[in-house]
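What follows is calculated from the coordinates using simple rules that are stated; it is not laboratory data. Here the structure is a predicted model, which means the values were calculated and not measured. Using ideal geometry, Cβ is built from the backbone for each residue, glycine included, and neighbour counts are taken over all protein chains shown.
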Amino acid sequence: MTSSAEFTGWHKSSFSPHNSECVEIGHAPGVRGIRDSKLGADSPVIGVSTRGFAALLAAAHEGALDR
C-alpha cells in the first residue's frame, strides 16, 4: 500500500450517489490508486498498475466478479 499523496485527480464513479461512500481512484504515472472515500486522504491506498486496473474494470464490466 502507498499514501494518497502519491496520487492526483482523486474521483468517485459517476454511478455513485452524490453523498455516498464509495471507492475513489487516483492517478500516478503507470499506476492507479484505490482508496476508501469515507477516509479520504487518511485512507490506505492500494496501488495497481494501469494494465491491472484495466483488467479489473473489464472483469467487473463482464460480470466475472459477480457472486
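At a glance:
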{"item": "Within the chain: Cβ-based charge dipole about Cα centre, in debye rounded to nearest 20 (Lys, Arg +1; Asp, Glu -1)", "result": "100"}
{"item": "Least to most buried among L56, L65, L39 (fewest other Cβ within 10 Å first)", "result": "L65, L39, L56"}
{"item": "Surface/4 of the Cα convex hull for the chain, nm²", "result": "4.9"}
{"item": "Label-point gap, in nm, between D36 and C22 - each point 7 angstrom along Cα→Cβ", "result": "1.8"}
{"item": "Inter-label distance, nm, simple model (7 Å from Cα along the C-beta direction), S14/V48", "result": "2.0"}
